[in-house]
């Protein structure tokens, strides 16, 4: 793409056409790095309850957040806000040591549960109110699951559910209770008997969007134990029933159409990180969203990919993610940028497209001419200097070194004085006599071989530790470049073969295409764009694929 084309793209995107592109917008101009989490207001449509370190705020529309409550405990920060339909006027605040409850009508607050300080390392993770039973509550800690029958006045551990890991999730779907403890998800229909319905360590069928070359195949043994030990992170149901569940894990997202009886892994294509921190669902639009440390994504079920919602989002680490209901549903997140909103469009099933045969053939020729994923991965390995042969060379050199002798030499040059004494008589004094100096000169040298290193070298321990670090780095680099490569391919197909609704949408795609190409360039030291320029120089007819065609 020529600089003139880029200038046209920038001009159009900054003009009146830009309003047509959906972007994250921040209505509240506040210094919001203090915000930690947020939830929808249970009694005010469109309002949001936000938590800082020790404060709770309410924000409605474009008004600045107003403080509702402040805790006197400055030692721990708020990490969760919760509200439930059984208690519509109650807001629950969870910190690592304390559970608070506040009445949104009267403004009265009280402390419901507190962990005593000391040697006990127990912390609070999750809380829930049993639907239809406003006086019965559940509290999950790092060691046990507690139940209260009297609105938090007394607590007792639930028998029959002993687990060494933290109880991080408590979720009701219909009449079923789901509890996550470590890497296991349990289900109970009577609050007494629990049965496991999913275990992360036993799930090995996650679809990966990464295609790694042969010399990176040994990363699996290093990463699998870490994934298996990670707790489940998010559980979401499509409504009050238990017909559809989504489970967020460290390896991606799973769905269950039968209340946890069976699970299906959703594809990871498009995700920069498979560590799912948040899940959100828009029931009217039927859209599923996932929040990770590397961005916020929307699932495109027809293409079976996740699409990143990056427009207007500079900070990619959400602290909260939920959907505000309304005539037009709104996705809300909290980041260091503040409280951001994104309009949710309904899920539309695209009509079958009749592609122009000549244009489709030209596009296929372009894909075959451009560097493929494997060539791009090899360029990344070369530029980052992380080939597997590097480790093999170190191992070989550490053994060959045993054939080379260790040579040492030294010298010893010294001198000493000869002194004697001539003792006189009682009336005469003594005399000291100095003789000739003694000189000593010596040389020595030594040659040794450590032939035992031919079998096992002590350097192998250091090489093995460096190998693990290099394999982890190569795995991260190849995963990222593969994700960017195929996102660019999908965008190429969408731009070249599918007509755009307007000029702003079309040139927005071209700018995103340029951005992805620049990212590939940064990871390959310019290899990718150099090869692409050569392709267009040889086949100038490929440029016709990027001519604007309005739908």
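Laboratory data are not the source of any read-out in this text; all were calculated from the coordinates shown. None of the values given here were measured: they were computed from a predicted structure. Heads up, the Cβs are rebuilt from the backbone with ideal geometry, glycines too, and the neighbour counts pull from every protein chain shown.
If you take the Cα centroid of region 145-181 and the Cα centroid of region 467-525, the two points sit 44 Å apart. For a distance above 17 Å, tell me the whole-number percent of Cα pairs in region 400-454 that qualify. Counting every Cα pair in region 400-454, those more than 17 Å apart make up 66 percent. Kirkwood radius for region 397-550, taken over all pairs of different Cα atoms as the inverse mean of 1/r, rounds to 24.3 Å. Sorting 71, 538, 241 from the fewest to the most surrounding beta carbons within 10 angstrom yields 538, 241, 71.
Multiplying the residue separation of residue 501 and residue 161 by 0.36 nm and subtracting their alpha-carbon distance yields 116.9 nm. Once the Kirkwood radius over Cα pairs is known for region 129-171, the Stokes-Einstein relation at 4 °C and 1.567 mPa s delivers a diffusion coefficient of 121 µm²/s. Taking the average, over residues, of other Cβ atoms within 10 Å as the packing measure, peptides 73-79, 244-250, 443-449, 521-527 rank 244-250, 521-527, 73-79, 443-449 from highest down. Of the residues 276, 50, the one with the fewest other Cβ atoms within 10 Å heads the list, and the complete ranking is 276, 50.
Fewest-first ordering of 407, 92 by other beta carbons within 10 Å of each residue's beta carbon gives 407, 92.
Reducing region 262-293 and region 70-89 to their Cα centroids gives an inter-centroid distance of 26 Å.
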